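Trainee: The structure follows.
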Amino acid sequence: GGVRRMQRLRSVANKRTLAALAESANFSREELLTLAAHYNNHVGHEMRLDEAAFTAALRQFLPALAEHDLLMRRAYALADANCNGIVDFAEFVKQLSVAMRGSLPEKLRFLFDVLDIDGSGEVEVSELAVVVRNSGREMQNLLDYAAEVMQAFDLDGSGGIDAEEFAASIAREPALLDSFHDAIRVNREAARALHAARRIDTVAGAFTYEAVVKAERDMQGAERKRMYADLSVEEYLDVCARVFGVDVETDRALRALLQDAYVAMEAGSVRGAVNMRDVLNAWVQVLTTRRDEQIKMFFRLFDLDGNGVLDGNEILFMVLSSKAAVSEAAGNVIAMLQTLDEDGDGSVTFEEFSSRAFRAPLIVQALAQLFQVHRDAPVPAHGAGASALSGAGRPRSSQERDADAAALRERRGER
């Protein structure tokens, strides 16, 4: 009865534990007593939380986070600071303190650590998509589709797709190629300008499929990782000059047509920009009508590390790019991943994540949803009903609001 519950409560939240947590956590003594009672309702005989009980206990405070099975497994592992397979009351409170009452930098650190599955200090860009999965039905369908594409192409179950698997899958199921139609095709205006450029007498024979293949194969290391970097019109003209050995400075007719193609590609891009992949893909579509050559180059243009195998990150980019023309969600995810993975190496360090997260609207939205960045969930005084735990947020102090506003401005590059 009541005596038994009180004894259990005192064993969980003794004076020494409460005093230590009152110093280190962002909760008052009364709030800690409420958390202790809540914790006590979910623990087993050992007075510790296993993973299932931890998820149930956290769901009342952070329901959006609890909906992510993968994130919750990682959150549980992080909470279990001494790695003994169970979460005690102090560990539970410390994690809630960051997730509910932490500063923006602290919540960013927590989110990054949750995503860093192997503890390497880096997060794969494909894992970042997990954060935004629950932002809407379109996003969920898009990421489910990406997983299905990976499964369809990965014939040997290795987790990667080589060129032979890619070609064999398309030969077996031609409908798969239709999935990438929007990423492969070049809009009519751009194609018309490129065709006109290659027919100019002064550059006869210069524009060849072989030249594009050589240019792609010569791209190595850092240069290859910049495949997704946006090109200015002058940078684009320089690429055309280098790849095909033509003079874009003095040949005004050629320059004008190439500029027309750039404008058309830019207008047809959901990003409103043109990158190296766009340029090389456009030239391939213009310079060869052989489907096998077009497919081979399409594969290689998404093989950012040039190792001949598309990994999970590269496949995600390939699928998103194929849908970006018709899906706002795909364009938003591409923008997020490109913002966070600026060097294009397929992984994001915490330094990259913390300095760029607030330039990625999807990350800002996910933070607000997962950890109530803009409005903290309250912990009512001891004795309040459990349902009050999900009520309106406590007023934040002016110091807290000023600190978070300053952090946000700093990350956005504002003064």
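Trainee: Yes or no: residue 302 touching a residue at least 40 places away in the same chain (Cβ under 8 Å), more than 21 Å from residue 244 (Cα to Cα) and either touching a strand residue (DSSP E or B) at 6+ places or on another chain (Cβ under 9 Å) or of a type in the set (Lys, Arg) (or both)?
Mentor: Working: touching a residue at least 40 places away in the same chain (Cβ under 8 Å): no; more than 21 Å from residue 244 (Cα to Cα): yes; either touching a strand residue (DSSP E or B) at 6+ places or on another chain (Cβ under 9 Å) or of a type in the set (Lys, Arg) (or both): yes.
When the stated conditions are applied, residue 302 does not pass them.
Trainee: Scan segment 257-296 for residues that are more than 26 Å from residue 225 (Cβ to Cβ), open to solvent by 20 Å² or more (accessible area, probe 1.4 Å) and in a helix (DSSP H, G or I) and report the count.
Mentor: Residues flagged as more than 26 Å from residue 225 (Cβ to Cβ), open to solvent by 20 Å² or more (accessible area, probe 1.4 Å) and in a helix (DSSP H, G or I) within segment 257-296 amount to 7.
Trainee: I've got another one for you. Tally the residues that are in contact (Cβ under 8 Å) with a residue 12 or more places away in the chain, open to solvent by 40 Å² or more (accessible area, probe 1.4 Å) and farther than 15 Å from residue 73 by Cβ, restricting the search to segment 104-120.
Mentor: Of the residues in segment 104-120, 2 are in contact (Cβ under 8 Å) with a residue 12 or more places away in the chain, open to solvent by 40 Å² or more (accessible area, probe 1.4 Å) and farther than 15 Å from residue 73 by Cβ.
Trainee: Still on this structure, please answer the following. Can you tell me which residue in segment 192-210 is nearest to residue 246 (Cα to Cα), limited to those that are open to solvent by 20 Å² or more (accessible area, probe 1.4 Å) and among the aliphatic types (A, V, I, L, M)?
Mentor: Pass one, segment 192-210, residues open to solvent by 20 Å² or more (accessible area, probe 1.4 Å): 192, 195-196, 198-202, 204-206, 208-210.
Subset that is among the aliphatic types (A, V, I, L, M): 196, 200, 204, 206.
On the way: 196: 15, 200: 11, 204: 10, 206: 7 Å.
The qualifying residue nearest to residue 246 (Cα to Cα) is 206.
Trainee: Name, by its number, the condition in (1) modelled with pLDDT of 80 or more; (2) part of a loop (DSSP other than H, G, I, E, B) that does not hold for residue 169.
Mentor: With (1) modelled with pLDDT of 80 or more; (2) part of a loop (DSSP other than H, G, I, E, B) applied to residue 169, the lone miss is (2).
Trainee: Does any residue of segment 232-254 turn out to be within 31 Å of the chain's Cα centre (by Cα), closer than 30 Å to residue 150 by Cα and of a type in the set (Asp, Glu)?
Mentor: The answer is no; no qualifying residue exists.
Trainee: Right, another one. Tell me which of these residue 28 doesn't satisfy, since it passes every other one: (1) more than 13 Å from residue 89 (Cβ to Cβ); (2) modelled with pLDDT of 85 or more; (3) within 35 Å of the chain's Cα centre (by Cα).
Mentor: (3)
Trainee: Check off (1) in contact (Cβ under 8 Å) with a residue 40 or more places away in the chain; (2) within 15 Å of residue 241 (Cα to Cα); (3) of a type in the set (A, V, I, L, M, F, W, C); (4) part of a helix (DSSP H, G or I) for residue 177 and give me the number that stays unchecked.
Mentor: Unmet for residue 177, out of (1) in contact (Cβ under 8 Å) with a residue 40 or more places away in the chain; (2) within 15 Å of residue 241 (Cα to Cα); (3) of a type in the set (A, V, I, L, M, F, W, C); (4) part of a helix (DSSP H, G or I): (2).
Trainee: Among (1) of a type in the set (D, E, K, R); (2) open to solvent by 40 Å² or more (accessible area, probe 1.4 Å); (3) assigned to a helix (DSSP H, G or I), which single condition is residue 305 missing?
Mentor: (3)
Trainee: Right, another one. Give segment 29-69 a look and list any residue that's among the small types (Gly, Ala, Ser), in contact (Cβ under 8 Å) with a residue 40 or more places away in the chain and open to solvent by 20 Å² or more (accessible area, probe 1.4 Å), or say none. If you could, list the steps in order and put the result at the bottom.
Mentor: Pass one, segment 29-69, residues among the small types (Gly, Ala, Ser): 36-37, 44, 52-53, 56-57, 64, 66.
With the extra rule that they be in contact (Cβ under 8 Å) with a residue 40 or more places away in the chain, the set shrinks to 36-37, 64.
Answer for segment 29-69, where residues must be among the small types (Gly, Ala, Ser), in contact (Cβ under 8 Å) with a residue 40 or more places away in the chain and open to solvent by 20 Å² or more (accessible area, probe 1.4 Å): 37, 64.
Trainee: Quick one: residue 368 ticks every box in (1) touching a residue at least 60 places away in the same chain (Cβ under 8 Å); (2) out of contact with any Leu (no Cβ under 9 Å at 6 or more places or on another chain) bar one, so which box is it?
Mentor: It is condition (1) that residue 368 fails.
Trainee: So how many residues does segment 84-124 have that are assigned to a loop (DSSP other than H, G, I, E, B) and farther than 26 Å from residue 18 by Cβ?
Mentor: 6
Trainee: Now for a different question. Kindly indicate whether any position in segment 208-222 is at pLDDT 95 or above and either assigned to a loop (DSSP other than H, G, I, E, B) or more than 30 Å from residue 346 (Cα to Cα) (or both).
Mentor: yes
Trainee: Checking residue 94 against (1) within 19 Å of residue 363 (Cβ to Cβ); (2) modelled with pLDDT of 90 or more; (3) of a type outside the set (Gly, Ala, Ser), which test does it fail?
Mentor: All conditions pass for residue 94, except number (1).
Trainee: Does residue 300 qualify as being among the basic types (Lys, Arg), in a helix (DSSP H, G or I) and open to solvent by 40 Å² or more (accessible area, probe 1.4 Å)? Steps first, please.
Mentor: On the way: among the basic types (Lys, Arg): yes; in a helix (DSSP H, G or I): yes; open to solvent by 40 Å² or more (accessible area, probe 1.4 Å): yes.
Taking the combined requirement at face value, the residue satisfies it.
Trainee: Of the residues that sit in segment 149-165 and are open to solvent by 60 Å² or more (accessible area, probe 1.4 Å) and under 23 Å from residue 292 (Cα atoms), which one is modelled with the highest pLDDT?
Mentor: Checked segment 149-165; the qualifying residue modelled with the highest pLDDT is 164.
Trainee: Identify, by number, the condition in (1) in a helix (DSSP H, G or I); (2) closer than 21 Å to residue 133 by Cβ that residue 61 doesn't meet.
Mentor: (1)
The values are calculated or read from the model by the stated rules, or taken from the named source; none is laboratory data. Since the model is a prediction, treat every value here as computed from it, not as a measurement. No Cβ is skipped: glycine too gets one built from the backbone with ideal geometry, and neighbour counts run over all protein chains shown. Accessible surface areas use protein heavy atoms only, side chains included; no ligands, DNA or RNA. Shrake-Rupley method; radii C 1.70, N 1.55, O 1.52, S 1.80 Å.
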